[in-house]
Amino acid sequence: MSFDIRKIVRPHIVNLKPYSSARDEFDPTEKEYVYLDANENPFPNGVNRYPDPQQRNLKKVLGHRLGVGTKQLLLGNGSDEILDLIFRAFCTPNTDRIITMPPTYGMYKVLAEINCITLDEVSLSDDFQLVTKDIIKRISPQTKAIFLCSPNNPSGNSFRAEDIQKLLESFSGIVVVDEAYIDFAPQESWVSQLSTYPNLIVTQTLSKAYGMAGIRLGICVASKDIISILHKIKPPYNINSLTQERAIEELSNSKKYIAQVQLLLEERKRLEVQLQSTSFVDVVYPSDANFLLVRVDDATKRYHQLVNEGVVVRNRSNQQGCEECLRFSVGTAEENKKLISILNRLS
């Protein structure tokens, strides 16, 4: 199915002239300028100047790592800001619709409600996979976007590639693949397919595998046309200087990243084995993420028992298909050891 971004973007956004500062026009990486344009305090303390609104140095690092050009990147104050920008760029309030597949990341629903967008839900199968024929049936002329979280939160599994491909080829709107947990999965990122599918948006984050949840940096990778539209409506200085500097610093240490991911995968396997032998655990679901979804005999009871022992997990029983389920993030070896010890003595 053909994709025409002019038919998807909100009409008034097409001709919108975004806010522009002098920092957009002059590249500080090319020449040292005397900046007298933005009414800043001129006395240097490391943060007295506004941050680079284009995040040029950081985008170069990320572009090299992801194998894309910098014009295919948009950075957000966490992935949630990026998801909100997608809503505001492509979905007209009180008119358009999106599709999600519960159980999934809760912010899709929250953002739909904030932006007055109708949410159509198509349940995942019993093994938490996409039911593509049902999703395609729900597509209407007002459907602007389909949101897929793969690996999925809270189930932990990845969706079959052929199912995502089917949706990309069958839908003339935007398909967002949220890859917050892709670093823990064996499959290749959908970033590699951007040249094939012009309606594909991939979001990633530095919060999980890179251990930088505190700096709030989300990554959007898409075609230049889509990124250009999103740049029209992003706040001019949405990524602060400290975040940019810390991200570049941490991204330069690939050995640390690789080692931590490997340790988390080993700990995930160890935790999975231990949970499977726990008396009150019924099912430990397969995971491609840094957490495990676990069905127990009484989720509320077990949740409060763990809290009383000083361990906080997530009770996901209120989500469709996750009745009596707890979600366990994979911690350090010491944290997991403590969790396992507590589980073994609970009755």
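The values are calculated or read from the model by the stated rules, or taken from the named source; none is laboratory data. Please read these numbers as outputs of a predicted model, since none were measured by experiment. Neighbour counts run over all protein chains shown; Cβ positions are idealised from the backbone, glycine included.
Test Ile258 against the stated conditions and say whether it is modelled with pLDDT of 95 or more and in a loop (DSSP other than H, G, I, E, B). Break it down into steps so the answer makes sense when it comes.
Values: modelled with pLDDT of 95 or more: yes; in a loop (DSSP other than H, G, I, E, B): no.
Spelling it out, it is not the case that Ile258 is modelled with pLDDT of 95 or more and in a loop (DSSP other than H, G, I, E, B).
Quickly run through segment 21-39 and pick out the residues that are assigned to a loop (DSSP other than H, G, I, E, B) and either modelled with pLDDT of 95 or more or of a type in the set (Gly, Ala, Ser) (or both).
Result: Ser21, Ala38.
Take segment 100-125 and flag every residue that is part of a loop (DSSP other than H, G, I, E, B) and either under 14 Å from the mean Cα position of the chain (by Cα) or polar (S, T, N, Q) (or both).
Within segment 100-125, the subset part of a loop (DSSP other than H, G, I, E, B) is 101-106, 115-117, 122-125.
Listed by number, the residues that qualify are Thr104, Tyr105, Gly106, Asn115, Ser123, Ser125.
Does segment 92-108 hold any residues that are closer than 25 Å to Gly321 by Cβ and either out of contact with any strand residue (DSSP E or B) (no Cβ under 6 Å at 6 or more places or on another chain) or surrounded by fewer than 17 Cβ atoms within 10 Å (Cβ to Cβ) (or both), and which are they?
The answer is Met101, Pro103, Gly106, Met107.
Looking at Leu346, Leu242, Leu264, Leu251, which one is modelled with pLDDT under 95 and either surrounded by fewer than 18 Cβ atoms within 10 Å (Cβ to Cβ) or under 21 Å from Ala213 (Cα atoms) (or both)?
Within the list Leu346, Leu242, Leu264, Leu251, the selection yields Leu346.
Give the number of residues within segment 57-91 that are in contact with a Lys or Arg (Cβ under 9 Å, 6 or more places away or on another chain), part of a loop (DSSP other than H, G, I, E, B) and buried (at least 17 other Cβ atoms within 10 Å of the Cβ).
Total satisfying the criteria: 3.
Residues of segment 208-227 being in contact (Cβ under 8 Å) with a residue 60 or more places away in the chain, over 20 Å from Ser2 (Cα atoms) and out of contact with any Ser or Thr (no Cβ under 8 Å at 6 or more places or on another chain), which ones?
If the condition is that a residue be in contact (Cβ under 8 Å) with a residue 60 or more places away in the chain, over 20 Å from Ser2 (Cα atoms) and out of contact with any Ser or Thr (no Cβ under 8 Å at 6 or more places or on another chain), then Lys208, Ala209 are the ones that fit.
Could you list all residues from segment 137-183 that are of a type in the set (S, T, N, Q) and outside any helix (DSSP H, G or I)? Give the steps one after another, and end with the answer.
Of segment 137-183, the ones of a type in the set (S, T, N, Q) are 140, 142-143, 150, 152-153, 155, 157-158, 165, 170, 172.
Within segment 137-183, Ser140, Gln142, Thr143, Ser150, Asn152, Asn153, Ser155, Asn157, Ser158, Ser172 meet the criteria.
Do you know which residues across segment 1-16 are assigned to a loop (DSSP other than H, G, I, E, B) and either of a type in the set (A, V, I, L, M, F, W, C) or in contact (Cβ under 8 Å) with a residue 40 or more places away in the chain (or both)?
Filtering segment 1-16 down to residues assigned to a loop (DSSP other than H, G, I, E, B) leaves 1-4, 9-10, 15-16.
Once the filter is applied, which keeps residues that are assigned to a loop (DSSP other than H, G, I, E, B) and either of a type in the set (A, V, I, L, M, F, W, C) or in contact (Cβ under 8 Å) with a residue 40 or more places away in the chain (or both), segment 1-16 yields Met1, Ser2, Phe3, Asp4, Val9, Arg10, Leu16.
Checking the condition more than 17 Å from Gln193 (Cβ to Cβ), at pLDDT 95 or above and either touching a strand residue (DSSP E or B) at 6+ places or on another chain (Cβ under 7 Å) or of a type in the set (A, V, I, L, M, F, W, C) (or both), which residue from Ile174, Ile136, Ile164, Ile146 passes?
Ile136
Where residues in segment 285-310 are aliphatic (A, V, I, L, M) and either buried (at least 17 other Cβ atoms within 10 Å of the Cβ) or modelled with pLDDT under 95 (or both), which of them is farthest from Gln187 (Cα to Cα)? I'd like the intermediate steps shown before the answer.
The first filter runs over segment 285-310 and keeps only residues aliphatic (A, V, I, L, M), leaving 289, 292-294, 296, 299, 306-307.
Add one more test, that the residue is either buried (at least 17 other Cβ atoms within 10 Å of the Cβ) or modelled with pLDDT under 95 (or both), and what stays is 289, 292-294, 296, 299, 306.
On the way: Ala289: 12, Leu292: 18, Leu293: 20, Val294: 23, Val296: 29, Ala299: 31, Leu306: 33 Å.
It comes out as Leu306.
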